[in-house]
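Where a number appears in this text, it was derived from the coordinates with a stated rule and is not lab data. Note that the structure is predicted; figures quoted are calculated from it, not measured.
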Ligand code: ZN
C-alpha cells in the first residue's frame, strides 16, 4: 500500500470518527446487542429495526476508539436497506478481509479497513460492530465480547 493511499484511508476513518453516521438510539428496535472489546475498551450497542427480512433502520451508541467508531459508522451506513442474508454475507466478507484474505473489492467503501490488517491489535476494534450486529441478527441476548 502506498503512503498516499494509506493517508486517504486514514482520512476516511477519521472523518467517520469525527462525524459518526447513525450514532443514535432507536425508538423501537426489533433487535439489539451489546459488544465489548476488552483489549481496547471499546463498548457499543447496535440496534436495528427489521421490516420482514430488510434492515429498515440501524443505529449504534457507546464509546470506542477511532477505528471502532468509524467501523460502526460505516457498517450502519452500509447495512441500512440490506436484507439479513446480505448483512451476514457482508459480515463474513469483512471478517475474512481483516483476518485472512486482505483487500476485497466487493466490500466497496468498507475496503478502507483492509489497512487495519497490518495492525493485529486493532483488528478487534474494526470487527467489534460487525460481531455485535451479527449477534443482534441472531437474536442473542448475551453481550458479545471479542475475546
Ligand atoms: Zn479500539
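Tell me the angle of helix 66-79 to the major Cα principal axis of the chain, expressed in degrees between 0 and 90 and rounded to the nearest ten. Helix 66-79 sits roughly 60 degrees off the main axis of the chain. Taking 88, 47, 34 in turn, the Gaussian network model of the chain (Cα-Cα springs below 10 Å) assigns the largest fluctuation to 88.
Considering only DSSP beta bridges with both partners in the chain, what is the antiparallel share in %, to the nearest 5? Given both bridge residues lie in the chain, the antiparallel proportion sits at roughly 85 percent. Under a Gaussian network description of the chain, with springs only between Cα atoms under 10 Å, the residue in 79, 39, 26 that fluctuates furthest is 39. Calculate how steeply helix 123-138 sits against the longest principal axis of the alpha-carbon atoms of the chain, using the helix alpha-carbon long axis, and give the answer as 0 to 90 degrees to the nearest 10. The angle comes out at about 20 degrees. Here the alpha carbons of the chain define both size measures, Rg and Dmax, at 14.1, 45 Å. Computed from Cα positions, the angle between helix 3-18 and the longest principal axis of the chain comes to roughly 30 degrees.
Taking 14, 44, 98 in turn, the Gaussian network model of the chain (Cα-Cα springs below 10 Å) assigns the largest fluctuation to 14.
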